1. Taking only pairs six or more apart or across chains, which ones have beta-carbon atoms under 8 Å, a first residue in segment 231-251 that is over 17 Å from PRO264 (Cβ atoms) and free of Cβ contacts under 8 Å to residues at least 24 places away in the same chain, and a second residue that is open to solvent by 40 Å² or more (accessible area, probe 1.4 Å) and in a helix (DSSP H, G or I)?
2. Tell me, yes or no, whether segment 58-68 has at least one residue that is under 19 Å from the mean Cα position of the chain (by Cα), at pLDDT 95 or above and closer than 16 Å to VAL101 by Cβ.
3. Looking for something open to solvent by less than 30 Å² (accessible area, probe 1.4 Å), farther than 21 Å from TYR271 by Cα and at pLDDT below 85 - is there at least one such residue anywhere in segment 384-397?
4. Can you tell me which residue among GLU244, GLU254, GLU273 is among the acidic types (Asp, Glu) and closer than 16 Å to PRO106 by Cα?
5. Considering segment 209-243 alone, what residues qualify as being out of contact with any Gly (no Cβ under 6 Å at 6 or more places or on another chain), of a type in the set (Gly, Ala, Ser) and in a loop (DSSP other than H, G, I, E, B)?
6. Would you check if there is a residue in segment 12-32 being modelled with pLDDT of 50 or more, under 25 Å from the mean Cα position of the chain (by Cα), aliphatic (A, V, I, L, M) and in a loop (DSSP other than H, G, I, E, B)?
7. Quick test for you: out of LYS284, LYS249, LYS263, pick the one residue that is open to solvent by less than 20 Å² (accessible area, probe 1.4 Å) and charged (D, E, K, R).
8. In segment 171-187, which residue that is more than 23 Å from the chain's Cα centre (by Cα) and under 21 Å from GLN123 (Cα atoms) is surrounded by the most Cβ atoms within 10 Å (Cβ to Cβ)?
Amino acid sequence: MLKTDGRTDSIMWCRGFLQQSVRLMSTSRQAGVLFDVDGVLLRGGSVIPAAKRAFRKLLDRNNNFLYPVVFVTNAGSCHRHHKAQQLSRLLEVQIAPEQVVLSHSPLRMLKSFHDKCVLVSGQGPVTDIANTLGFKKVVDIEQLREHHPLLDMVDHNRRPRPAASPLQTPPKIEAIILFGEPIRWETNLQLLVDVLLTNGSPGSAYDPQLSTQLPVLACNMDLVWMAEAPSPRFGHGMFMLCLESVYRKLTGRELQYQALLGKPSLLTYQYAEHLLRQQNHNRKLTTIYAIGDNLMTDIYGANLYNRYLAQQHAAMTTTTKLVAQGTGSHVTMAVPGEEDLVSAAAQCHSILVCTGVYNPRSPLPSDQSNAVSETVFHGHRDLVLEPDLVEPNHIVEDVEAAIDLLLQQESS
C-alpha cells in the first residue's frame, strides 16, 4: 500500500472536496465571494461569532458553498494548506488550499525572479515558502547573519561568534523578498540595509556611488491588523515604513519597490479571480463581492480592482501591465504561461464590516487636498489617496450581515 504523510492526505482530501463542490454548484451562479480573514472571520485565534452564522447561510444542505469562495488574507508566514487547515478547523467548514490566497501567493507568477538568489525576510518557514513558490536560490536573514557575524551588533547577548572554520561564501544577493514583519526588527533592518547599500554583498563596505538599487518585492502592506487586543497591532506595513525611513535617512533617496503584493495589489485580485473562476468551471463571474474590515487594503483594493475591470478591455495587450490610477508603484510582467490571469468579471463590490480595523466612530479618509494628515492615511507610501477608492459600496455590522446583503442582491 502506498503510504502518504498527513499533509499529502489533507491536501488530496481538500482537493477532492473542492472538486465535488464545483460539480454540485449550480451552473447559474455567477457571483463570487472574497473573504478577508483577520477582523472579518477571526480575531487572532478566536472566531467572530457572526462568521459561523454567515457560513451556515452560505452552504447548501450538502455543506457545499452556494457560490465560489476564496479567502484573501495578507498573512504570509505560513503555507496556504496550513491556512486552509486552520480556517477549516476554526470555522467548521471544509476549505481547500485552492481557496486561499496569501499575500505571497502571486509571487509564483513572477517567474523572472525564480532563478535569482533572493534574500527573504519575515517569520515562519519563509525559506520553504519561497522554494514552494518557485524560487531556487534562497538565503534567509539568519543564514546571512551567520555568514557575517560582525553585522548584527545591537543585542550583545546574541552576537554570533565567528565560525571556527571559514564558512562557504554565500552567493551575491540579487533581489530581496519581504514576506512579512520579522520577530527581531533591528536585525532585519540592519542586514537589509547592508544588502541594499552594498548591492548584494553585505560583507563589503557601503558603496556611496551606487546608481541602481536591488529589486525589492514586498508582500503585505498592512500598517496595522486586528487581533484579540482592543486596538490594532503593528503590521508589515509598519516594518516597511521603518525600512523606508532608514534607507532615506542614510541615502537621501526613496526606497523603490519592484513589486508590492497582497491587498490592495491588482495582481492579488487577478489571482483571486482566477481561483474563483476555477471553481465556476472557468465561466465568467458577473459580480465579485469583496468583504473586509480595512479601508486601506480591503476596500481600497476592491474598488481599485473594480476600476481596473471597467478599464481592462481597452488596456489589453500582449503583456499584462499592472498599472492603474491610485497606485504609485508599477509592476510589469509577461502574461503567465499556463495560468490565465485575464480579468473577466463585470464588477467588484466592496463591503466593509465593523468587527476589525475599521472603527465606525472614525470618519472616512478624505482627499489629501483637504489637509488630511499622514496619520489618518494608513495606506502605503506608494498608494494615492482618492476618496472613491476608500468609499465602500456597503457598510454592514459584521460578516453575517454582509452575506445577508449578498443573498438578497443575488436573489433579486
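1. none
2. The answer is no; no qualifying residue exists.
3. Among the residues of segment 384-397, at least one is open to solvent by less than 30 Å² (accessible area, probe 1.4 Å), farther than 21 Å from TYR271 by Cα and at pLDDT below 85, which makes the answer yes.
4. GLU273
5. SER211, ALA229, SER231, GLY235, listed by residue number.
6. no
7. On inspection, the qualifying residue turns out to be LYS263.
8. Residue satisfying both the conditions and the ranking: ILE173.
The values are calculated or read from the model by the stated rules, or taken from the named source; none is laboratory data. Note that the structure is predicted; figures quoted are calculated from it, not measured. Positions of Cβ are backbone-derived with ideal geometry, glycine not excepted, and every protein chain shown enters the neighbour counts. SASA here: full protein model, heavy atoms, side chains in, ligands and nucleic acids out. Shrake-Rupley method; radii C 1.70, N 1.55, O 1.52, S 1.80 Å.
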